[in-house]
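Values quoted throughout were computed directly from the atomic coordinates according to the rules given, and no laboratory measurement underlies them. What you see is a predicted model, and the numbers here were worked out from it, not measured in a lab. Cβ coordinates were reconstructed from backbone atoms using ideal geometry, including for glycine residues, and neighbour counts include every protein chain displayed.
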Amino acid sequence: MLNSMFSRRQFLKGIGSAGLAAIIQNCTSLPSSPENETRSSEESVTPEATLSAATFPPVATLQDPRGPFLPFLQFNHRNIKTNGPNFIVVMCDTLRYDHIGYYGNAQVSTPNIDTFANQSVVFDRVYAGSFPTVPNRADIFTGRYVFAYMGWEDLPQDEVVLAKVLNDAGYTTALIFDTMHLKEPFSLDREFKSWQWIRGQEDDRYRTVPLQPELPASADKFRYGTQVVSQYLRNVSNRVSDADYLVARTIKAAIAWLEENYGQNKFFLHIDSFDPHEPWDPPQHYIDLYNPDYVGQQVIYPAYAPATYLSDNELHHVKALYAAEVTMVDHWLGELFTALESLGALEDTHVILTSDHGILIGEHGYMGKSWDHKGHYESYPFYQELAHLPLMVHAPNIPHHRVTHLVQPADIMPTILDWAQISLPKRVQGKSLTPLISDVEGTLVTSFRDCVVTAKSLKTALSTNPNLLVTDGDWTYIYGGGHTSSALYYLPDDPQQMNNVLYEHRVVACDLHKKLVAFLESIGTAEEYLAPWRYSPC
């Protein structure tokens, strides 16, 4: 087994040392509307390594009062081989790249993700393609850049989805999720042979009591006012322990599925955790890691608007709530990783851990993913906190290394099909990452992409000031076409994107714009959607 990943010996050793802090220290880390979105270590520090949203005590001082987790299930190790490589994709909605210890944040506790990273191939320059939640899943399941033709809507019926291709190749496919957008009113469960929806996120029409739950903050500080938070509080009102939280229930369901199915047939399992998406209400012991003495309103689902509606103390606490939510997710991912190791599944299973987008928590003066409050809707610029994603891939028999080439979510489908030795559907636009994953020394693949693009649906009304991000990994151009402002940043010198150098380096912007237009043309963007973006900054 590859380096005895997540062996019980490692965890018991950590337990015998000094609890959570010791485990963290043992992990290697770097030094540093429109479309109804409203409803529905070894190397040097990467540019975003200093982008932590909040100032918290150094992670070495954080003490989880429960100590490090123990596996809650004990499996009999099955030395069973399936008749093909298995695949697990773990999606953590709204998990920011810069809130993971391995990527350089020493202030947020993510020991299990960090351990997984140290046993995986880690991608440093991953950018969202189609934004946000629903279009992102469409990119992953189709291998296409759906922002060119699809908005916040269901997949077109003619799309060829990953589950269907794998079904036809004899795989068992399964979807386990609490991200309600995958099922209602959409059909992103399409073609999976089985699916389990863990009910209760956001305003899922799940529970009806209490009729008038007590709000933890003023209604005008919440996204959607009282609507979503009130329903959510009803949905979770019967929680008793940590195991009742939605991420816990989702991961436990995934482990139960693996216990039943591993060794029966080759499989593809997509696990979709809505956490650490809002609402941010983790158990208090996680919050105490970051802001234990706070007294005041608990803004668990902040309004998407300029952050001035929050006091300094409230904003700091919101940042602490998000960090605590991330640490809670990390704990339950640790349970999943331990179960995989106990099953022996890591010997023949590729495990992909990623996110769909980030969120602004006061950076650049904003809260949320867009300005969407009290009848006003406006797109935020695609800053790194929104567009830069984590991606870690455990591939059996491939040692840990880091990849600096530019990649995107649409690359996941062709990568899985490449590993499974299945021909790509003709419509696929992403690129297989297997050459990068196999290139352990980083010397064989000299070029992969010269730029990547992040976008909301190109059907988005220009009156809401949409923008596109095009980046070569160093220069990031937030392009507003002819309808809103643009900005150019050089990440090696300005990782927090505070210094717009567009006017000093217009030649760079012009070059990136040419690449942007060429890319949009290459994916078959209809002229009616491409035309607003042809306006040249030169």
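Quick notes on this structure:
- For segment 311-361: rounded, prolate or oblate by the Cα gyration tensor [a/c cutoff 1.5]: oblate
- Distances between placed amide hydrogens fall under 5 Å for HIS277 paired with ASP93, all partners being 5 or more residues away or on another chain.
- Highest-first arrangement of 104-112, 363-371, where packing means the average Cβ count within 10 Å: 104-112, 363-371
- Karplus-based coupling profile of segment 435-449, in residue order and whole Hz: x, 6, 5, 6, 7, 4, 7, x, 10, 8, 9, 8, 8, 9, 8, with θ = phi - 60° in 6.51 cos²θ - 1.76 cosθ + 1.60 and x standing for Gly or Pro.
- Three-way shape call for segment 394-538 based on the alpha-carbon gyration tensor, with the a/c threshold at 1.5: oblate
- Principal semi-axes in Å for segment 474-532 [√(5λ), Cα gyration tensor, largest first]: 24, 12, 10
- Shape category assigned to segment 208-332 from the gyration tensor of Cα positions, a/c cut at 1.5: prolate
- A simple rule links phi to the HN-Hα coupling: the Karplus curve 6.51 cos²θ - 1.76 cosθ + 1.60 with θ = phi - 60°, which for segment 253-266 gives 5, 5, 5, 4, 5, 5, 4, 7, 9, 4, x, 7, 6, 5 Hz, with x for Gly and Pro.
- Kirkwood Rh (inverse of mean 1/r, distinct Cα pairs), segment 305-422, angstrom: 17.4
- Under 14 Å, Cβ to Cβ, from ALA217 - net charge with Lys/Arg +1 and Asp/Glu -1: -3
- Net charge contributed by nearby residues that have their C-beta within less than 13 Å of LEU469 (K/R +1, D/E -1): +1
- Cross-link pairs beyond the 20 Å C-alpha cut-off, checked among LYS164/LYS193; LYS252/LYS369; LYS164/LYS252: LYS252/LYS369; LYS164/LYS252
- Of the peptides 404-413, 230-239, the order by per-residue mean of other Cβ atoms within 10 Å, starting with the highest, comes out as 404-413, 230-239.
- A cut-off under 12 angstrom between Cβ atoms defines the neighbours of ALA307, and their net charge, with Lys, Arg +1 and Asp, Glu -1, is -1.
- Kirkwood hydrodynamic radius over Cα pairs of segment 396-482, then Stokes diffusion coefficient at 4 °C and 1.567 mPa s, in µm²/s: 85
- Those chymotrypsin sites (Phe, Trp or Tyr not before Pro) in segment 115-202 that DSSP places in a loop and that have at most 10 other beta carbons within 10 Å: none
- Couplings for segment 220-233, taken from phi via the Karplus curve 6.51 cos²θ - 1.76 cosθ + 1.60 with θ = phi - 60°, read 6, 9, 9, 5, 6, x, 8, 4, 6, 4, 4, 5, 4, 5 Hz in order; Gly and Pro are left as x.
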